1. Can you tell me which residues in segment 11-63 are within 10 Å of the chain's Cα centre (by Cα), closer than 14 Å to residue 86 by Cα and outside any helix (DSSP H, G or I)?
2. Has segment 68-85 got any residue that is assigned to a loop (DSSP other than H, G, I, E, B), of a type in the set (Val, Ile, Thr) and farther than 18 Å from residue 98 by Cα?
3. Which residue out of 62, 68, 37 is on the phi < 0 side of the Ramachandran plot and surrounded by 14 or more Cβ atoms within 10 Å (Cβ to Cβ)?
Amino acid sequence: MDMISQLSDELLLTILSLLPTTNDVVATMVLSKRWKFLWMFVPKLVYDDSYQNIEYARFSRFVDRSLFLHEAPVIKTLHFKLGEICGAEDIRVWIKAAEKSLWVGCLSSSTALLVHLQPYFQGACTQGVECLSH
């Protein structure tokens, strides 16, 4: 077994939380059997629809599936960076899907829900969500 796989799950989850996007975190599942499901417990989810210029439908399916499979007891950070193609309904569905683990209403220095929106999305957020414009 390699040395990094011998680290505790807690330390590995901290390391995975430092990766820039959820796409990168999920990609680690191919490293070994031990890592196959580890991504599901990372408390930081960062989704960027401009990541590697993937088409929006594929991005949307990825977000849907990863939120459905995510099992962390708490999501400390849920961050969406969305462009003009994303609809307000997608945002509502994703936030609703994450509510099972998200500390809703507890936006503090240790818990953050950030939705970066282009100017034409102002008003698209749901109650209790901090929206930041570019």
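1. 47, 48, listed by residue number.
2. So far as segment 68-85 goes, yes, one or more of its residues are assigned to a loop (DSSP other than H, G, I, E, B), of a type in the set (Val, Ile, Thr) and farther than 18 Å from residue 98 by Cα.
3. Sole residue among the options that is on the phi < 0 side of the Ramachandran plot and surrounded by 14 or more Cβ atoms within 10 Å (Cβ to Cβ): 62.
Quick note: the coordinates plus some simple rules give every number you see, no bench work behind them. Predicted model, so just to flag it, every value in this text is computed and none were measured. In this analysis, Cβ positions are derived from the backbone assuming ideal geometry, glycine residues included, and neighbour counts consider all displayed protein chains.
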